[in-house]
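Below is one structure, written out as structure tokens; comments come after it.
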Amino acid sequence: MKTLCLIAALLACSTAASAKNEIMTDRCSHEVTIVNWGNGPNPAGEPVFLKRHNGKTNWTSPFTVKLSEDGHIRWWCHSTKGNAFDAGTWRLKNVYAGYGCKLYADNSTEDCGPNGSFSIGSSEWKGWTPERSRCSNRSNRIRARLDGNRKLLIECLPKN
């Protein structure tokens with residue numbers, strides 16, 4: 001009977017230990033800075049800077065960030081340094097799709113058909129691309145690390 005109680009206690013202990021924090025996985029091939037919301041990757045508020053050494057970094061100490069109104073954490077990826085054509089930096093803007101005709105004063109039409117337009121812009125700023133992530137628990141307390149294969153890992157800690 002003591003053996004069954006010991007096994008039950010161990011199972012309960014391992015179940016409690018398996019409740020882990022959410023770890024978000026994002027991609028960035030170079031340096032990362034995690035900042036409070038603002039302009040540029042180095043606004044006031046002591047950003048946390050991560051730079052790969054041998055492809056990885058250790059976990060940072062836990063730190064607190066300011067969240068956007070909708071609960072996002074702002075971070076910047078330095079992957080466009082020397083790579084202005086990185087696909088993650090390009091954004092479609094002013095997208096228009098429709099159907100049109102040339103209409104004349106006598107109500108006759110010509111050249112009817114689908115038409116559209118768009119412009120392309122870049123979110124890149126001095127080699128840095130703005131990114132954002134959101135913990136499912138909307139926590140502002142995190143720790144982070146860079147891992148192999150271009151991964152940025154952000155651990156969502158219990159809320160402050």
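The values are calculated or read from the model by the stated rules, or taken from the named source; none is laboratory data. Note that this is a predicted model, so its numbers are computed, not measured. Cβ coordinates were reconstructed from backbone atoms using ideal geometry, including for glycine residues, and neighbour counts include every protein chain displayed. The area values use the complete protein model at the heavy-atom level, side chains included, leaving out ligands, DNA and RNA. Shrake-Rupley method; radii C 1.70, N 1.55, O 1.52, S 1.80 Å.
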Review point. Scanning segment 45-95 for residues that are acidic (Asp, Glu) and at pLDDT below 85, which turns out surrounded by the most Cβ atoms within 10 Å (Cβ to Cβ)?
Key: Asp86
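Residues are listed down the side, and each one gets a yes or a no for (1) of a type outside the set (D, E, K, R); (2) within 30 Å of Cys77 (Cβ to Cβ); (3) open to solvent by 100 Å² or more (accessible area, probe 1.4 Å); (4) at pLDDT 80 or above:
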residue	(1), (2), (3), (4)
Ile7	yes, no, no, no
Thr15	yes, no, no, no
Asn21	yes, yes, no, yes
Asn42	yes, yes, yes, no
